[in-house]
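Colleague: Starting off with a structure, shown below.
Read-outs: derived from the displayed coordinates by stated rules, not from any lab. Predicted model only: the values in this text are computed from it and were never measured.
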Amino acid sequence: MREREMDGGGGGEHRWRDWAGLPGELLASIRERLLVDDFVRFAAVCTGWRHSGPAKPAPQLPWLMVPPHSSGITCRFISPSDGKIYFVAVPELRGTRCVGSCHGWVATVSRASLEMSLVNPLTRARIPLPSLTTAPEITAVCEEGDDRVTQYRFRATGGISNLFRVEAAHGTIEKVVMSCNPTHAACKIAAGFDYFFPPASVAVGGEKWTVTNRACLMRDIVYHEGEGVFYGVDFTNRVLRWGVDDVGVLEYCRCLDFPGSGDKRHWKRHLVVHRPSGDLLLVFFDLASARSSQEVAPGRILKEMGAVRIFGYKLGGSAGSWQPLERLGGCSVFLGKNMSICLSAQEVPELRTDCVFFIDQSYTHVGRKPQRTHGSWVYDLKEGVWEPYFYRAWRNSHEAPLWFTPNIS
């Protein structure tokens, strides 16, 4: 790329400035400091700039991604770093429901079947996954004398069987987690379900899902990179684990008594791996009052909205116990149905530390009509207060946002 400029001597002559010929060290130094939006613009200038420096943008705060509604294709991305909103058309998400987000990829399931895939909404790359019906425990049911699938049968351990209509079956998936970037051949996928059914796993490029040996009502799943295993927590607060290779064996690790008192139906629980230490964190929320306080002024600090309890468990040593934590050691966690991640200020200098960023994705029923009760919040552990987190940027959306870590590599 060359740019022509006038000679400053007034002679009317032109000279060319070769921007593509800038030193590679200078380009690399600039590129490694860019966030993903500027990273994309930088790479679009010319071939030389595109291939200079690191292949990934600098670590940054997770974005909020609002998926398209039903048959739509336009995603909304909210960048917390600068508050900008980006609208991106992703036809690959049409007719799907997003059930997980890891490493810049979104796990989707068809609303009309149990076909699954992984999609990078920024590059529109797509990796197909086997249908959930490849697991022997999940079968399609047709009307007598008709080949059209009308229901899906889920058979859990112990002979428990449940039928779901085709249009409702996708709602049984609670969360999908990836062990690493799915462009790597070693990537394993785990799925937890929102009712009494065992978690299932599959390898990228595999032919079928494998269901584990124990049925449970899974509430959250996380992958522990240091140990190479998936951890899950069920609705009774039992912690479970299974390996990426020995996917058929699910074992209970340790029970955790429910902290506090009150109406337990309002409590949510999330697992997350503490990034610097590798400890396992279990975070509890009581959002009974938070859900009734969505309409708040921007920046207003809210108190007494609900309780947050965090417990830590040190893995790899002798038998220990869950210990209550009041701080996160210079880190913060981002929690939601689609992703649980811990970031440190060393990775992301702009991070607001010792905070819990949380997306609540739930419905309550008023009479016979479901009422949306989604919300996005940040809880400051030091101050003990809640604040809305970019809620007004997506509150009119039919879909609740996901945490999304941009990746264009």
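Colleague: What are the residues whose amide H is under 5 Å from the amide H of Gly72, where those residues sit 5 or more places off or on another chain and H is modelled from the backbone?
Modeller: Those qualifying (amide H under 5 Å, at least 5 residues apart or on another chain) are Gly95.
Colleague: Which residues' amide hydrogens lie under 5 Å from the amide hydrogen of Arg219, considering only partners 5 or more residues apart or on another chain, with H built in the peptide plane?
Modeller: Excluding prolines and chain starts, which carry no amide H, the hits are Val233, Asp234, Phe235.
Colleague: Give me the number: length gained by fully extending Leu22 to Leu163, i.e. 0.36 nm times residue separation minus the C-alpha to C-alpha distance, one decimal in nm.
Modeller: Stretched out fully, the Leu22 to Leu163 stretch lengthens by 44.5 nm.
Colleague: Which far-off residues, 5 or more places away or on another chain, put their amide H under 5 Å from the one on Ile173, with H placed in the peptide plane?
Modeller: Residues meeting the criterion, in which the H sits 1.01 Å from N, are Asp194.
Colleague: If each residue of separation counts as 0.36 nm, what is the full-extension length gain between Lys382 and Lys208 once their alpha-carbon separation is subtracted?
Modeller: Numbers: separation 174, 0.36 × 174 = 62.64 nm, distance 4.64 nm.
Taking Lys382 through Lys208 to full extension adds about 58.0 nm, to one decimal.
Colleague: Which whole-Hz couplings ³J(HN,Hα) result when phi for each residue of the range 87-95 is put into the Karplus expression 6.51 cos²θ - 1.76 cosθ + 1.60, θ = phi - 60°, listed in order with x for Gly and Pro?
Modeller: 10, 10, 7, 10, x, 5, 9, 4, x
Colleague: Just to confirm my numbers, what's the Cα centroid distance between the range 147-211 and the range 329-348 in Å?
Modeller: 26
Colleague: Here's a follow-up. Quick one: 3J(HN,Hα) in Hz for the range 209-223, Karplus 6.51/-1.76/1.60 with θ = phi - 60°, rounded, Gly and Pro as x.
Modeller: 7, 10, 8, 6, 8, 10, 8, 7, 8, 6, 10, 6, 9, 9, 9
Colleague: Listed here are the pairs Lys175/Lys208; Lys175/Lys268; Lys268/Lys382; Lys175/Lys382; Lys268/Lys314; which of them are more than 25 Å apart at the Cα?
Modeller: From Lys175/Lys208; Lys175/Lys268; Lys268/Lys382; Lys175/Lys382; Lys268/Lys314, over 25 Å: Lys175/Lys382.
Colleague: From the square roots a ≥ b ≥ c of the eigenvalues of the alpha-carbon gyration tensor of the range 127-241, which class results: rounded (a/c under 1.5), prolate (a/b over b/c), or oblate? All intermediate terms of the calculation are to be shown ahead of the outcome.
Modeller: On the way: a/c = 2.40, a/b = 1.41, b/c = 1.70.
Oblate, since a/c reaches 1.5 and b/c is not below a/b.
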